[in-house]
Amino acid sequence: MSSQLLKRFKSRRMTLPPESDCTRDTPASPDATIKRCSYIKPMFDFWQSLLAALERIAMLPSLIHSVFPSLSSRKRMRDAVRTYDRTMDDLLREIQRLFEAPLKPAKLLQMSGKLQEQFAPKLQASDICMLPSYNDKLPTGLEQGTYLALDVGGSTFRVAVVELSGKHPGAKSMRIVNMKSYTIDSSVRNLQGNAFFDWMAERIEAAIADPQVKKINGTQSLGMGLAWSFPVEQTSIRSGNLLAMGKGFLATEGTLGQDLSELIMAPCRKRNLPVRMDSIVNDASATLLSRAYEDPATRFAVILGTGFNVAVHLPTSALATSKYRGYPQKWLDEASHVLVNTELSMFGKNVFPTTRWDDALNENHVRPDFQPFEHMISGRYLGEIVRLIIVEAVQTAGLFSGELPEKLSEPYSLDTETLAAIEMDESKNSTEAIAVFQSRHPLSKPPTLHDIGFLCQVCKLVSRRAAAFLAAGIHSLWSLRITSEGLTPQTAERMAIGCNGSVIEKYPSFRELCQSHLNELTTASGAEPHAISLEIAVESAIFGAAVAVCCLEK
């Protein structure tokens, strides 16, 4: 019943006259008085009962909501009839057009050319990208020896004894004899200054005390290679000044700017450990070196997981002499090539076509435009691009019947692992993809087959664009290298690339798609088919740290 009608009934509410009213203007006969009062009372009761019933009916919806609070406004909104700006199919067609339009070979070649234009000034002067290392030699694959490899990451410290045996038919050329893995939890990250490096030395001591290690190496001193996944200002092949580590580490308190090699070796000497620090490398250089030991055609390494970087092997002449300021004259006289940390993630502004979702990601980023290439292809950002599309699809096209999962209102709440799981689903009616999404981002009703089909197509469009853009970036560096070597696409030999990282290793079809684009781009440039091959570098940090040491023993 409407509120106006209820008010009308209330305005007509009957009030029982006071007892004196029955006797006011008393008629001559007492029987007449009794008859009048007996008539008014039943009529009053009737109208009161009717009015009470009508009020109960009018209050029914609010009564239901008070008794059943679980019927949330979000569900009521979902179940209500709504109209949207467009259909999901219309939106998907627009997304497909925006993401696929730049992927034609001619357009990817244009992007490669623009990237090369951006490289030129950075090869002359930049202290944040195109950075030469002190690693000037690549392995032949014939080196032999036993080495201690240290891998320090954000959550794990690994110590491994690695045996390099050269090329022998039917035998592995690299072998981990023994490896210990230690979790870097908050208590370890909170170790201040030298305490952190004392903790490392204790773990190194435990690793080399293993009977299996002593049996192989005896009492000989072990050369150590360190794969350090944090910023360092390298001052030689085996030394570098410690820079801020971030990620909650307090190891730099009182040690910032000190020699990283000495910080590790000092507590090792206190324990009389038979070790020496021979090499410090970053993760990209370690990946290149480890793959080069098994495939001598390796000249690049691609790291593509949460972050993105590429290391390349270039002639020293490709970089301006100012880039080698402070290098020893002996190194400058002897080195013909050098491993270069490109920091390719920082390139690509105004090179890669962006969509409104890419622009929104960049505008809301802590450091807009700092790593434009990484924003388009790395594991940290692929999920965020898809999340932004989902938010728009829910609001404008009725995805999930207009209901946005609560978590997805938060930036970076959709991880790339979820995208990969959705793409991998080959079950009938997409039951696995639906289950994965519903378990991680619950809806009041599970996604429909149409919902999950839309989402799967979006994931594929975003990941396939990333694979194509990575191919354009690799092609640009390949072109830089062959020009620097005085070669042409026709005369350049086959080149291998060591690959490491969750996206390029594990995301469904990603490496294969990138390889397909590379084949198209290199062939279009005049090279032989399969001029570049993408190869997984297994345990690249550990093996790369060991190979970096063996390269010094030539």
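The values are calculated or read from the model by the stated rules, or taken from the named source; none is laboratory data. As the structure is a computational prediction, the values presented were derived from the model and not from experiment. FYI the Cβ positions are ideal-geometry reconstructions off the backbone, even for glycines, and counts take in every protein chain you see. For accessibility, only protein heavy atoms count, side chains too; no ligands or nucleic acids. Shrake-Rupley method; radii C 1.70, N 1.55, O 1.52, S 1.80 Å.
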note = Quick calc: nm separation of the 7 Å Cα→Cβ label points for LEU552 and ASP90 -> 6.6
remark   = For THR235, other-chain or 5+-apart residues with amide H closer than 5 Å (H placed, Pro excluded) are GLY240, ASN241
task = Note down the net charge around ALA125, summing +1 for each Lys or Arg and -1 for each Asp or Glu among other residues with Cβ under 12 Å from its Cβ.
result = +2
Amide H within-cut-off set for MET495, under 5 Å, with H built and near neighbours excluded = ILE532, SER533
Only Lys, Arg (+1) and Asp, Glu (-1) charged, at Cβ; the stretch 404-502 dipole about Cα centre in debye = 200
ask   = Which listed residue (SER401, TYR324, LEU382) has the Cα farthest towards the positive end of the charge dipole for the stretch 294-443, taking +1 on Lys and Arg C-beta and -1 on Asp and Glu C-beta about the Cα centre?
value = TYR324
key: Pairs beyond 31 Å (Cα-Cα), from LYS323/LYS460; LYS247/LYS349; LYS107/LYS407; LYS114/LYS460; LYS167/LYS270; LYS215/LYS270   = LYS323/LYS460; LYS107/LYS407; LYS167/LYS270
Cut-off 14 Å, label 7 Å out along Cα→Cβ of THR396, residues of the stretch 324-358 by amide N = 355-358
ask   = How much length, in nm to one decimal, is gained on full extension between ARG494 and ARG82, taken as 0.36 nm per residue of separation minus their Cα-Cα distance?
value = 142.5 nm
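At R0 = 60 Å, how high is the FRET efficiency between ASN364 and LYS215 if r is their beta carbon distance? Nearest 0.05 is fine.
That pair, ASN364 with LYS215, gives E of 0.60.
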task = Work out, step by step, the length gained on full extension between ASP333 and THR140: first 0.36 nm times the residue separation, then minus their alpha carbon distance; give nm to one decimal.
result = 67.3 nm
ask   = Given PHE197, MET265, VAL177, which one lies farthest toward the positive end of the charge dipole of the stretch 159-267, if we put +1 on the Cβ of every Lys and Arg and -1 on the Cβ of every Asp and Glu?
value = VAL177
ask   = Taking the alpha-carbon centroid of each part, what is the distance from the stretch 501-542 to the stretch 138-189 in angstrom?
value = 25
remark   = For the stretch 132-224, Rg(Cα) over 2.2 N^0.38 Å is 1.27
query = Local charge sum around VAL213 (other residues, Cβ-Cβ under 11 Å, Lys/Arg +1, Asp/Glu -1)?
reply = +1
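If you roll a 1.4 Å probe over the heavy atoms of the protein chains, what accessible area per residue do you get for the stretch 464-554, in Å²?
Using a 1.4 Å probe on heavy atoms only, each residue of the stretch 464-554 averages 35 Å².
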key: Zone of ARG269's modelled label, taken as backbone nitrogen in the stretch 220-255 under 17 Å from a point 7 Å along Cα→Cβ   = 221-224, 238-240
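How do SER317, SER509 stack up against each other in accessible area, from largest to smallest, with a 1.4 angstrom probe?
Largest to smallest exposure gives the sequence SER317, SER509.
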ask   = Got a sec? Which residues in the stretch 188-211 would a label at ARG175 touch, if it sits 7 Å along Cα→Cβ and we count backbone N under 15 Å?
value = none
ask   = Is the shape of the stretch 353-490 rounded, prolate or oblate, going by the alpha carbon gyration tensor and its root eigenvalues a ≥ b ≥ c, with a/c under 1.5 for rounded and a/b larger than b/c for prolate?
value = prolate
key: In nm, spacing of pseudo-spin labels at GLU528 and GLN124 (7 Å Cα→C-beta vector)   = 3.6
task = Read phi for every residue in the stretch 326-339 and hand back ³J(HN,Hα) as whole Hz from Karplus 6.51 cos²θ - 1.76 cosθ + 1.60, θ = phi - 60°, with x for Gly and Pro.
result = x, 6, x, 4, 4, 5, 5, 6, 9, 7, 9, 9, 8, 7
inquiry  = Need the C-alpha centroid separation for the stretch 371-417 versus the stretch 282-299, integer Å.
reply    = 35
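Please state, to two decimals, what the Cα-based radius of gyration of the stretch 244-309 comes to when divided by 2.2 N^0.38 Å (N = residues).
Normalised by 2.2 N^0.38 Å, the Cα Rg of the stretch 244-309 equals 1.48.
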ask   = Amide H neighbours of GLU253 under 5 Å, counting only residues 5+ apart in sequence or on other chains, H built in-plane at 1.01 Å?
value = GLY193
ask   = Using the heavy atoms of the protein chains alone and a 1.4 angstrom probe, what is the accessible area of the stretch 297-410 per residue in square angstrom?
value = 38
query = How large is ³J(HN,Hα) for each residue in the stretch 174-179, as worked out from phi by the Karplus curve 6.51 cos²θ - 1.76 cosθ + 1.60 (θ = phi - 60°), to whole Hz, x for Gly and Pro?
reply = 10, 9, 8, 6, 7, 9
ask   = What is the antiparallel percent of DSSP beta bridges lying wholly in the stretch 122-277, to the nearest 5?
value = 75
ask   = What net charge is computed for the residues neighbouring PRO274, neighbours being all others with C-beta under 12 Å from the C-beta of PRO274, Lys and Arg scored +1, Asp and Glu -1?
value = +3
query = Dipole of the stretch 352-456, Cα-centred, from +1 at each Lys and Arg C-beta and -1 at each Asp and Glu C-beta, to the nearest 20 debye?
reply = 180
key: Alpha carbon Rg of the stretch 235-359, scaled by the compact-globule rule 2.2 N^0.38 Å   = 1.32
query = Residue by residue, what Karplus-based ³J(HN,Hα) values in Hz, rounded to whole numbers, does the stretch 289-304 have, using 6.51, -1.76 and 1.60 with θ = phi - 60° and x for Gly and Pro?
reply = 5, 5, 6, 5, 5, 8, 10, x, 7, 6, 10, 10, 9, 10, 10, 9
